[in-house]
Amino acid sequence: MHYDAIIIGAGIAGASTAYFLKQAGLSVLVLEKETICSGGSNPAGAFLSPKISKPSPYKTYLNNAFLFSTNFYKINFPELFYPCGLKKFPLDEEDAQKCKSYEPFIDIPCEKIPEGYFFPNAGIINPLKLCHALLEGIEVKEHYHVKDIDNFSCKHLILATGSDKLPIEIPYIKTKNIAGYRYDVRFDDDENQNFNTHKDLSLSAFYNECVAIGATHIKLSQVNDLDKQAQLDTFELLGKAKKLQPLKNLEILETYTGYRNTTFDYFPIVGALIDADKTLKQYPYIKTGAKVPTDSYLLFDNLYIHGGLGSRGFVYAPYNAKILTELIVNNKAIEERLSPIRLFQKWAKKLS
Ligand SMILES: Cc1cc2nc3c(=O)[nH]c(=O)nc-3n(C[C@H](O)[C@H](O)[C@H](O)COP(=O)(O)OP(=O)(O)OC[C@H]3O[C@@H](n4cnc5c(N)ncnc54)[C@H](O)[C@@H]3O)c2cc1C
């Protein structure tokens, strides 16, 4: 069969993209080198949290994605999404003052509570079940490792390979992998844990017969044995979690480890891929910093990317997938802040 779209990668980026393309009427095939949701999506909490900060394009993007995606999950996957809300506590007095200065800019439902802030729309979702649900009725070939894309025949090819190497060399796609862990735990009185809490790490509501502890702030980029590292870090991390909850008679049910894939500006990468060689050949003066209209950049034929989701893949992916689908189906432009254009420009500038 000749597919309208082939997606490489069955994490939350690939699964969401497949879902929206199918909804738009396209025939879709997903190729996955391991099994559905086996990459960075597997260890995710997956906490769905908004952001408070001073106004910035990133905060606007993040909170738009948060509102879109939580609503999307609520409507389409109510059995998987637990909208338990989030209590966010400032780290210390300095952080409390900072949060206070952000209050005038809070643009999502939020209640002030004595210890911090409560976001009633926040929640948690089961990553594995969600990826499977998004891919229901879509053809997925598991254990299919795409090593290069030269022989692919389809109208649209979408790379959603997470923190793994892309199956084509794109010199300007430069991202960083950051390691993190999740612990699924039980402790006395855990069933009364009715909302997510966040301080320097996140503790979930009681959900799926456990409480999840997400340590997403550990900036390890080079780790030889991540599972061993997780064991070494457990004492320190659970010590931090105990500041949120006494965790009496704690039992660790399972430890998950994995990598998040992050861009320099924290925006994901969504859109059509620029052919750097052809573009520089046509406009060599780009290297000297001369401006060329971005719609003159030369693109690969029907090649797209959905990646760089960082620590909020489950907040961003459905929102991005909708945007990418509108580009593919209706040729609706993607804002440059989100598209590969900004990465190409940053890379090209350094060539001079
Ligand atoms: C410990 C941890 C906790 C996190 N907690 C949260 C959270 O609470 N909330 C939240 O929103 N986000 C969280 N994240 C971030 C989130 O998990 C990621 O942003 C997201 O899962 C990335 O999704 P992805 O689809 O881009 O990548 P992945 O999930 O890694 O999917 C990529 C897939 O592509 C496959 N693949 C790669 N190369 C090829 C190839 N050549 N051929 C075929 N298949 C290929 C891989 O096997 C993989 O399955 C967390 C991440 C970690 C590591």
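Each reported figure results from applying straightforward, stated rules to the coordinates on display, with no laboratory input. Since the structure is predicted, the reported quantities are computational estimates derived from the model, not experimental observations. Neighbour counts run over all protein chains shown; Cβ positions are idealised from the backbone, glycine included.
Summary of computed values
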quantity: About the Cα centre, charge dipole magnitude for the chain (Lys/Arg +1, Asp/Glu -1 at Cβ), debye; calculated: 1240 debye
quantity: Length added when fully stretched, Asn71-Ile252, from 0.36 nm per residue minus Cα-Cα; calculated: 62.0 nm
quantity: Integer Hz, Karplus 6.51/-1.76/1.60 couplings in order for the range 118-128, x for Gly and Pro; calculated: 10, 10, x, 7, 6, x, 8, 9, 7, x, 5
quantity: Segment Ala24-Lys350, length gained on full extension (0.36 nm per residue, minus Cα span); calculated: 113.4 nm
quantity: Gap separating the Cα centres of the range 154-210 and the range 16-39, nearest whole Å; calculated: 18 Å
quantity: Amide H partners (placed H, <5 Å) of Ile269, local residues excluded; calculated: Gly307, Gly308
quantity: Rounded, prolate or oblate (a/c below 1.5 giving rounded, otherwise prolate when a/b exceeds b/c) for the range 126-192 by Cα gyration tensor; calculated: oblate
quantity: Listed residues Phe77, Phe152, Phe206, most fluctuating in the chain (Gaussian network, C-alpha, under 10 Å); calculated: Phe152
quantity: Other-chain or far-sequence residues with amide H under 5 Å of Gly258's (modelled H); calculated: Gly180
quantity: Links that overshoot a 26 Å alpha carbon limit, given the list Lys33/Lys287; Lys33/Lys129; Lys33/Lys322; calculated: Lys33/Lys287
quantity: Most fluctuating residue given options Lys155, Lys165, Lys174, as computed from a GNM of the chain linking Cα atoms under 10 Å; calculated: Lys165
quantity: Dipole of the chain, positive end: most advanced residue of Leu31, Phe300, Leu86 [Cβ charges, Cα centre]; calculated: Phe300
quantity: Segment Lys174-Asn64, length gained on full extension (0.36 nm per residue, minus Cα span); calculated: 37.1 nm
quantity: Orphan Cys of the chain, criterion: no other Cys C-beta under 4.7 Å; calculated: Cys84, Cys99, Cys110, Cys154, Cys210
quantity: Computed over the chain, Cα set: Rg, Dmax in Å; calculated: 20.8, 66
